[in-house]
Every structure is written in C-alpha cells, then in structure tokens.
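Trainee: Got a structure for you, questions after.
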Amino acid sequence: MPKVLIIGACGQIGSELTFKLKEIHGSENVVASDINYNNLDVVNSGIFEIVDAQDYSSVRDCVEKHDIDTVYLMAAMLSATGEKYPMRAWDLNMTSLFHVLNLAKDGFIDHVFWPSSIAVFGPTTPATETPQHTTMEPTTVYGITKQVGERWCEYYHNKYGVDVRSLRYPGLISWKTKPGGGTTDYAVEIYHQAVQGNPFECFLSEHTELPMMFMEDAINATVNIMKAPSETIKIRSSYNLAAMSFTPLDISEVIKTHIPDFKITYNPDFRQHIADSWPKSIDDSSARADWNWHHEYDLEKMTTEMISQLRKQYQDSEINS
Ligand code: SER
C-alpha cells in the first residue's frame, strides 16, 4: 500500500481528496496535513499533522516520520486573493512546489501530484475549445505561478526522472467544503444562497462563460491520473481537463427549475477582468486519449446533487442549533 500525504488537506479539494484516498488506501495509509486545524472533519478523520508547506524541514520531517511515498500538494493561494497579495501568492505557490519536487529528486518520495489550472491561459489564448498546447500569457499572479510551476514539473521529470503528474482544473464546485479566494467561487455560493431562499448578487456578469466541473469528477480525475501506468502519462507539464461550461445566467436558469423564486442580480467587480482573460471551454482530448479520462456530471446533474445535498446540510444544521 502506498503511504500518501496530502498537504492542504483542510481546503476545498484537499478535504474531499483526503476522504477518497482513505477509502482507496485505508485510513492508516493516509496522512492529512495543513497549516491550521480549519476543517475539523478532516482533522478528526485519522492521522493529521500540522505542516507548513513553505518550510522545507516541516514537509520533510512529516514525510520521514510517516514513511510517505506519494505527496498531493493541494496548498495554494487562488486567483482573486493572489491579486491582493501578489508576493505571498508567488511565495506560497512556488516555494511549496519546489520543496515537494526536491523531496522527489532527492529520493524521499516517489510520486507527486500538483494541481494546475485554467488560469495558465490568458487573453491571447484561443478562448473556445482551448487546445492542450497553445499560447499561454496569463495575466494573474496565480496563473503565472501555475504556468511556471508546470514548466518546473516537466523539467524535474525530464532532468531528474521525477514522477510528477498534474491537471489543469477548471472551476470546481462542491457542497462539502467551500472554496476560498477564487474567481469561479460564485458557482458554489450561488447554490448556498438559492437553497437558503436568498437572492444572489453575482460578481461576474451574466454572460461570462467559464469551464467548470463537479468535485466528484475532479477527485476521480486526480485518483485516475495517479493510478495510470507511468508510460501513459505523456504530458508532464499538466493536462487540460473539462466537463462543462456555463455562464451565471445558465446556472441561475437551471437552479430556477428547482427553486422557481430564485433571483440573481449582477454586480461585476475586479474578478470580471480575471474571468475575461480565461477560456470559455477546454479541449481535453489528450487526457481522454492518454489515461481514459471521462466526466460524469453536466450542469443539470450537478445542480440536482448540489441542491439536494445542501438542503440536507441546512436542515441538519437547523435541527442541531
Ligand atoms: N478556481 C480557481 C480560481 O478561480 C481557478 O483555478 O482561482
């Protein structure tokens, strides 16, 4: 059984990945870690360590203590927060990646997963069905860190034989843990407001189309790319990954089929500029061909699931309060 470490396990992706990896490898083979105890479900679910992803000794000590061979590095500062704290975003996103890549180069660990993003693309990229290999001139600090990170992943693979694998996630939508500081976060918050019977003011304009994905698909993609035989992973920078694309208007219309009174208004802020620089849709045929990626959730199926799960969640929290 591999022994895996998730860095950033309290976050939006890390928390669900932690539970999935426990199912697959057994709880005793999965170490969850974060810089704080922000998600008590994760903290109390098994082995949990405080790890500072920017501190090499902190990461290495945890790897050695638990005899880790695979690291999922999920700690990052996302696009919107990154624009507020550019140097902090650069430091966190790059330093943590170098620490993990160097641990692999130096033989402490054998396998690395590192997430990239649609934010690697920019205004000069073809916006529809964005190809795997294309012009990449990102305009956000987050996008720059992801693009540079992809180059370093490929470099460490080619030069040192490091088994690093990566996905360019689109906006991710889940009902378990909220995202923080991203441009696509509206597509999660909209469900929370709708289910509580509230109107929703969207920080993107009604026709802003972005690539999105339900978390279950994203977690399956992550698990499957890590399971695939090494020779099938032909791209060692990062794979395009897609499921659906929609606008705030599209998602609000589908929500209205469940909650007819739902109201949305639009008040675009600085995140509109970020969204405008990103693709509308993604060509992920390389992932589909190389390691058999396929998605399960479209906008309708995801909305049905989000609304039913969030209804339960809010009802339970009322009963318990
Ligand atoms: N969801 C991320 C963001 O909005 C994109 O990778 O920043």
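Trainee: With the condition kept exactly as written, say whether any residue in the range 84-92 is closer than 29 Å to residue 244 by Cβ and crowded, with 24+ Cβ neighbours inside 10 Å.
Mentor: no
Trainee: Pull out all pairs, ordered by first then second residue, where Cβ-Cβ is under 6 Å, the residues are six or more apart or on different chains, the first lies in the range 54-69 and is touching a residue at least 60 places away in the same chain (Cβ under 8 Å), and the second is crowded, with 18+ Cβ neighbours inside 10 Å and not in a loop (DSSP other than H, G, I, E, B).
Mentor: Listed pairs, sorted by first residue: 66/31; 68/5.
Trainee: Still on this structure, I have one more. Does any residue in the range 289-300 that is of a type in the set (A, V, I, L, M) come within less than 7 Å, Cβ to Cβ, of a residue that is surrounded by 12 or more Cβ atoms within 10 Å (Cβ to Cβ) and modelled with pLDDT of 95 or more six or more places away or on a different chain, and which pairs are these?
Mentor: 299/244; 299/246; 299/250; 299/251; 299/254
Trainee: Considering only residues that are over 29 Å from residue 37 (Cβ atoms) and surrounded by fewer than 18 Cβ atoms within 10 Å (Cβ to Cβ), look in the range 179-209 and name the one that is nearest to the ligand (Cβ to nearest atom).
Mentor: Applying the first criterion (over 29 Å from residue 37 (Cβ atoms)) to the range 179-209 yields 194, 197-209.
Still in the running and surrounded by fewer than 18 Cβ atoms within 10 Å (Cβ to Cβ): 197-199, 201, 205-207.
Working: 197: 26, 198: 22, 199: 23, 201: 18, 205: 16, 206: 18, 207: 18 Å.
So the residue we want is 205.
Trainee: Which residues, counting only those in the range 70-94, are without any contact (Cβ under 8 Å) to a residue 60 or more places away in the chain and closer than 19 Å to residue 168 by Cα?
Mentor: Step one: filter the range 70-94 for residues without any contact (Cβ under 8 Å) to a residue 60 or more places away in the chain, giving 84-94.
The answer is 89, 90, 92, 93, 94.
Trainee: Run down 117, 45 and say which single residue is surrounded by 15 or more Cβ atoms within 10 Å (Cβ to Cβ) and within 30 Å of residue 283 (Cα to Cα).
Mentor: Working: 45 fails: within 30 Å of residue 283 (Cα to Cα).
Checking each option against the conditions leaves just 117.
Trainee: If I filter the range 11-29 down to residues being under 19 Å from the mean Cα position of the chain (by Cα) and without any contact (Cβ under 8 Å) to a residue 40 or more places away in the chain, which single residue comes out as farthest from residue 188 (Cα to Cα)?
Mentor: Residues of the range 11-29 under 19 Å from the mean Cα position of the chain (by Cα): 11-22.
Then keep just the ones that are without any contact (Cβ under 8 Å) to a residue 40 or more places away in the chain; that gives 18-19, 22.
Working: 18: 20, 19: 20, 22: 25 Å.
Once the filter is applied, the top-ranked residue is 22.
Trainee: Same structure again: Restricting attention to the range 95-114, which residues are surrounded by fewer than 20 Cβ atoms within 10 Å (Cβ to Cβ) and out of contact with any Ser or Thr (no Cβ under 6 Å at 6 or more places or on another chain)? Quick ask: steps written out before the conclusion?
Mentor: Filtering the range 95-114 for residues surrounded by fewer than 20 Cβ atoms within 10 Å (Cβ to Cβ) gives 95, 98, 102, 105-108, 110-111.
Of everything in the range 95-114, those that are surrounded by fewer than 20 Cβ atoms within 10 Å (Cβ to Cβ) and out of contact with any Ser or Thr (no Cβ under 6 Å at 6 or more places or on another chain) turn out to be 95, 98, 102, 105, 106, 107, 108, 110.
Trainee: Ok, one more. Check residue 280 against each of (1) closer than 30 Å to residue 224 by Cα; (2) more than 22 Å from the chain's Cα centre (by Cα); (3) of a type in the set (Lys, Arg) and name the one condition it does not meet.
Mentor: Among (1) closer than 30 Å to residue 224 by Cα; (2) more than 22 Å from the chain's Cα centre (by Cα); (3) of a type in the set (Lys, Arg), the lone unmet condition for residue 280 is (2).
Trainee: Something else about it: Quick check on my filter: what residues within the range 277-288 are in contact (Cβ under 8 Å) with a residue 12 or more places away in the chain and either hydrophobic (A, V, I, L, M, F, W, C) or surrounded by fewer than 20 Cβ atoms within 10 Å (Cβ to Cβ) (or both)?
Mentor: Taking the range 277-288 and keeping what is in contact (Cβ under 8 Å) with a residue 12 or more places away in the chain, we get 277-287.
Hits for the range 277-288 are 278, 280, 281, 282, 283, 285, 286, 287.
The values are calculated or read from the model by the stated rules, or taken from the named source; none is laboratory data. For clarity, every value in this text was computed on a predicted model and none was experimentally measured. With ideal geometry, Cβ positions are generated from the backbone for all residues, glycine too; neighbour counts draw on all protein chains shown.
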